[in-house]
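The values are calculated or read from the model by the stated rules, or taken from the named source; none is laboratory data. Note that this is a predicted model, so its numbers are computed, not measured. Every residue, glycine as well, gets a Cβ built from its backbone with ideal geometry; the counts of neighbours run over all protein chains shown. Ligands, DNA and RNA are excluded from the accessible area calculation, which covers all protein heavy atoms including side chains. Shrake-Rupley method; radii C 1.70, N 1.55, O 1.52, S 1.80 Å.
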Amino acid sequence: MTALAPSNNNVAPTVRELFEREDTNSVSALYFEIADLLAGNIRVAPEHKRGGADWSSVKELNFTVPERDGVPDGFKELCRWFVLVEDIAGCAANSTFAVYFDPLGGHGDGPVVRQLTGPEIDAHIGRAIIYREVGAEGDIRWVPTFAQAPELEAANDNNEPIDLWQRRAHPPLPVGLLPQVIEDFARAQGELMGVDPGGLAAAALAVCAAAIPDSIKLKVKRHDPHWLESARLWVAPIGDPSTKKSPLISAAAAPLKRLDRDMFRSYEEARRQYDAQAPADKKDGAPPKHIRLRLEDTTIEAAQEVLKDSPDGVLCLQDELSGWFGSMDKYSSGRGAAKDRGFWLQAFNGGPYTINRIGRGAVLIENLSVSLLGGIQPEPVRALAAEAHDDGLLQRLFPIVLGAAGAGVDKPMPDATAAYDATVARLSRLRRPTGNGSLGGFVEVPLQFDEAAQDLRTSLAQKYFEMQCAWESVNKKLASHLGKYDGLFARLCIVFHCIESEGSRPASVIKEDTAKRAADFLERFLFPHAVAFYVDVLGMADRHDHVLATAGFILAHKLNVITVRDVRRGDRVMRGMSVDEAQAVLEQLDAFGWLEPVPSIRRDSTTWQVLPSVHKLFADRAEAEKARRDEVRKIIAGSLS
């Protein structure tokens, strides 16, 4: 079949040239090729019994019937075929166009494009689209010309395209946002150990959140008494072994471990005394409860035993989170793994949880509440993100992408560790705040924002909702993470407020200054780390390898337009995409400022224009990508020779 490749640089052969080629078997091949390029339909006009073409089916469509009298024998078949083009994006639903040949119609040797149905305003855009798709504007003739149709709106605002290969800089820890005791500890201990102070600060916040009793809750909205948040954070330092994840986690968790050890010893003594009682005395009292503050490397069943006596929550410490995630599948069937994940999802949210056991009856966990602190390496977390069921468990973590570690120093440092240890101990003893009761007097009440802080929370909720919607078409995992920010902001405010409180009860009102610093910490530190994780560690976009392959293909081939068809004819990675996957990749490149959509032949398939700034900004990358592809071809060819 003679090819009419859709390329801005190709001029389609004339009809006579096509028929004179030895590899052209019939005129039908020409029409089918045009139909293939246009993604349209072939319709055959059957012949009359006298041998003429029967165009009656389109006469009412104002279609000029080509005459065969006087047409050279080699061209008479032209009068029996045409390509019907329907469903053009940007045109009315009833707009229909025909592409056909009329050798004696005064239009030269090229094909004719004619609008059959639909409003005249669609004629111009329909013609332009067909010209572009066939890639033969110089050989297609058109008679009527009408007004310009409106352009499609791009998903981006046509700012400079995003560099998809750029590594995001390690987000540093801002100065002056954290409670002073946490910042002092993170910077002094970080310098002493040679670890990232930002990672140490985030880990310390998770430890403080676990120490704060869950009974201290924040009423997030003014008029919603049911939305209550407790200080419960999940933090995951991410880095290679050289970043010293384990020493960092151990340093942050040390004061809570000591408290838990003391509580365990107290329980052992109480249990010893209880067990020493006479049976009659035991009937008058209940056995002591085994209240804990931490879990480590535990099964779900063991965690349930601890949590039923620990309503104020615990800290789950994991040296490697890959083992924690993996244990959900290792000891369970597929159904059991889903149940385990559901347990941990509930542990993030808090609240009552019932365990039904065959032969042992039901057990109620009054408050299933777990803060989490655990490290993980980049490669395992990539595998987990790719293979695990996407139920949002991963997105509940605050990922902290650790900076490079050093040898540390050996010099006198401010004694910030003692103040941090004392803070964790004080937080574990906090009681609920009090306020004026409806019947007079002081009663225990939930925390609430002051007016300015509440207004700030409302504006942040809208901001992060809009960010979530914007990222959904590009990176669903990051979008899901952003969807948690409304509640996570409230939790950060509780932690900041309680750390900076004095006495045995925090004040009942969280003020604007505290909320503002928590918001700045979320925006200037935690969110950049989330971007670094979801963009650099997991990949800029869903199907990131597909996006990079397509972007490299655009640069290497200096494309000005690209379609789903082009994507699926690219390199090995690109050829493996389905139509829907290729369409999604082009939409993602649109969101990254590389492309903008233009009307296409079919409503369910869009052509994308490569913005000129792409080739200008990434000229060096284009040369490198072309060289890489050439080298790959050379290696493969050499291997097969």
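Some observations on this one:
- Looking across segment 272-297, the residues that are outside any loop (DSSP other than H, G, I, E, B) and either in contact (Cβ under 8 Å) with a residue 60 or more places away in the chain or under 50 Å from the mean Cα position of the chain (by Cα) (or both) come down to ARG294, LEU295, GLU296.
- Filtering segment 292-309 to residues that are of a type in the set (Gly, Ala, Ser) and either surrounded by 17 or more Cβ atoms within 10 Å (Cβ to Cβ) or at pLDDT 85 or above (or both) leaves only ALA303.
- Residue within segment 538-557 that is in a loop (DSSP other than H, G, I, E, B), touching a strand residue (DSSP E or B) at 6+ places or on another chain (Cβ under 8 Å), farther than 30 Å from ALA203 by Cβ and at pLDDT 85 or above present: no
- Residue within segment 183-191 that is at pLDDT 95 or above and in contact with a strand residue (DSSP E or B) (Cβ under 7 Å, 6 or more places away or on another chain) present: no
- Tabulated pairs, segment 217-236, first under 25 Å from ALA206 (Cβ atoms), second hydroxyl-bearing (Ser, Thr, Tyr), C-beta under 7 angstrom, 6+ apart or interchain: LYS217/SER230; SER230/SER369; ARG232/SER369; ARG232/SER371; LEU233/SER371; TRP234/SER371
- The residues of segment 372-401 that are open to solvent by 20 Å² or more (accessible area, probe 1.4 Å), among the hydrophobic types (A, V, I, L, M, F, W, C) and in a helix (DSSP H, G or I), listed by number, are ALA383, LEU384, ALA386, LEU394.
- Here VAL474 passes the criteria (1) modelled with pLDDT under 95; (2) in a helix (DSSP H, G or I); (3) open to solvent by less than 20 Å² (accessible area, probe 1.4 Å) except the one numbered (2).
- Selection of segment 448-466 for residues being loosely packed, with under 14 Cβ neighbours inside 10 Å and small (Gly, Ala, Ser) yields ALA452, SER459.
- Restricted to segment 591-629, and to residues there that are of a type in the set (Val, Ile, Thr) and closer than 30 Å to GLN468 by Cα, the residue that is modelled with the lowest pLDDT is THR606.
- Restricting the first member to segment 249-265 and to residues that are of a type in the set (Val, Ile, Thr), and the second to residues that are assigned to a helix (DSSP H, G or I), the beta-carbon pairs closer than 7 Å and six or more apart or on different chains are ILE249/ALA203.
- Lone qualifier among ALA276, ALA231, ALA236, ALA270 - being under 18 Å from ASN367 (Cβ atoms) and of a type outside the set (S, T, N, Q): ALA231
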